[in-house]
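All remarks here apply to the structure that follows.
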Amino acid sequence: MSLQPQRTIAELKELRQLTGDADGAQRVAFTDTWAEARRWLRDKLSRIPVDVYQDQAGNLWATLNGKSERELLIGGHIDSVPNGGWLDGCLNTLAGVEVLRKIAADGTPPVTVRLVDWCDEEGARFGRSLFGSSAVSGALVPDEVRNLTDRDGVRLEDAVKKHGIDLDRALDARKELKNAAAYLELHIEQGPVLLSKDLPMGAVLGTCGVERHTITFTGQAAHSGSTPMSHRRDALGGVSKLHLAIRDIANSHGGVCTVGKVTTKPGIVTAVVGEAEMTLDQRHLDAKTLAAMYDDARQASERIAKEEKIDVAWQKLWQIQPFPFHPELINLADGAIKEICGVSHRLPSGPLHDAAEVCRTGVPTVMLFVQSLHGISHNKIEDTREEHLEMSVRALDRLAEKTMQWIVDGGSRRA
Ligand SMILES: [Zn+2]
């Protein structure tokens, strides 16, 4: 049996019909619609000779036994954000289903092949992304998520229980990676890079590390009429200058830096700002460069505080290290893309993906990106040309073949 990428597109449309509405995809994890999508997926998998079960963290695994216990893993996530797009996450899962079908039809593969549909990649309901994959990696701390609540006040621990997950046993899912020799994930790019280069696909170098801080400038609130310009200690001056400075810092290091939120006190039209707070999100694929971007921003904030005669304080919100993917698998991914598309491109991923959690455990990992139209995702207008979707299924299949051979040749043990 040959690969039928057109079937993946038909199934994506079928899933959209089943679990979407006029506002987009509605497969938020731990909801009835998500469970319905999972039932639909199980039905598809029941027609392939694979063992299907849900692990203790709610991840759905389909295993095709091979000649070796060593495993090639292919991952995706069928959950979506509310009003989401028709491709984010489920393209990966359904392309994986098609590849699994083809490998199964070819007879017993040289290594065991497993498709995993990760549980709650998006974290849309409780604000905690990568639930299932971080349980498998061991990074999940049950006590940190137990009491997270959704908009209706439902606790995460209770919501997951309805879907067969005992939070206190979620980390038992770590055993799933015992024989993992490589992990592959296809995803839409969700950004404009491939579109702007007019390229269908790219090999992903890794997921960027993130430094996320709140920066507070403190000056002196004062009357807007009676305080001469020369006498002001305007806290907003700190935010304004630093916002412009961090653009230069991002550009000079080839990373991205974002000020997403600014608040001022007293925040009225007739007062000089006494306290101004800004958030800063910095991302880079290289840990040293990320650290340098952070240092540069701190130094700039201190210089600016002096100039403005105000004070500055930093508070860490969140941080994650970069996860560079496996160099040999990046080469294989590049080769697979070139075979199918004629040309490839290497790019980092700014967003996090389940692949980062697998990579964290040391399993050789790589991702394929396929072009996003409009460069937009997490929105119903998210789209990719059908010819590119077909290429992406073919490239994942080529990469799976190459990676199975790489595992047989002892690749992951060399690294
Ligand atoms: Zn996704």
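Computed with a 1.4 Å probe over protein heavy atoms only, the accessible surface of segment 194-324 comes to 52 Å² per residue. Along its first, second and third principal axes, ordered by size, the chain spans 83, 46, 39 Å in Cα coordinates.
Anisotropy class assigned to segment 137-220 is oblate, per the alpha carbon gyration tensor with a/c at or over the 1.5 cut-off and a/b no larger than b/c.
For segment 314-415, compute Rg over Rh where Rg is the Cα radius of gyration and Rh is the Kirkwood radius from the inverse mean 1/r over Cα pairs. My calculation puts Rg/Rh at 1.02. Placing a pseudo-label 7 Å from each Cα along the Cα-to-Cβ vector at A35 and D21 gives an inter-label distance of 1.8 nm.
Measuring nothing but protein heavy atoms, the accessible surface of the chain at 1.4 Å probe radius is 48 percent carbon and sulfur. Suppose only helical runs count, i.e. DSSP H with n ≥ 4. What mean residue ellipticity at 222 nm does that imply for the chain under -39500 (n - 2.57) per run, divided by all residues and rounded to the nearest 500 deg cm²/dmol? After summing the helix terms and dividing by residue count, I get -11500 deg cm²/dmol.
Its convex hull of Cα atoms gives segment 34-158 a direction-averaged projected area, equal to a quarter of the hull surface, of 8.1 nm².
Taking only Cα atoms, what is the 0 to 90° angle, nearest 10, from helix 386-408's long axis to the longest principal axis of the chain? Relative to the chain, helix 386-408 is tipped by roughly 70 degrees. Maximal additional length on extending the Q315-D409 stretch stands at 29.0 nm, based on 0.36 nm per residue less the C-alpha distance. Counted over the chain, the DSSP beta bridges are approximately 70% antiparallel.
Against the chain, whose longest principal axis comes from its Cα atoms, helix 235-253 is set at around 40 degrees. Please say if segment 153-290 is rounded, prolate or oblate, where rounded means a/c under 1.5 for a ≥ b ≥ c the square roots of the C-alpha gyration tensor eigenvalues, and otherwise the choice is prolate for a/b larger than b/c and oblate otherwise? Oblate, since a/c reaches 1.5 and b/c is not below a/b. Rounded to the nearest 10 degrees, the angle from helix 90-105 to the longest Cα principal axis of the chain is 20 degrees.
Remark: segment 111-237 carries a charge dipole of roughly 280 debye about the Cα centre, counting +1 on each Lys and Arg Cβ and -1 on each Asp and Glu Cβ. Here the simple spin-label model places points 7 Å from the Cα toward Cβ, and for T108 and L373 these points are separated by 4.6 nm. Summarising the label geometry, the points placed 7 Å from Cα in the beta-carbon direction at N147 and S230 lie 5.5 nm from one another.
The Stokes-Einstein estimate for segment 219-301, based on a Kirkwood radius over Cα pairs and taken at 20 °C with 1.002 mPa s viscosity, is a diffusion coefficient of 154 µm²/s.
Grab every C-alpha pair in segment 259-336, bin the distances at 5 angstrom width from 0 up to the longest one, and report whole percents. With 5 Å bins starting at 0, P(r) equals 3, 11, 15, 18, 15, 10, 8, 6, 5, 4, 3, 2, 0.
The values are calculated or read from the model by the stated rules, or taken from the named source; none is laboratory data. This structure is a prediction, so every number in the text was calculated from the model and none was measured. Ideal geometry is used to build each Cβ from the backbone, glycine not excepted, and the neighbour counts take in all protein chains shown. All accessible areas refer to the heavy atoms of the entire protein, side chains included, with ligands and DNA or RNA removed. Shrake-Rupley method; radii C 1.70, N 1.55, O 1.52, S 1.80 Å.
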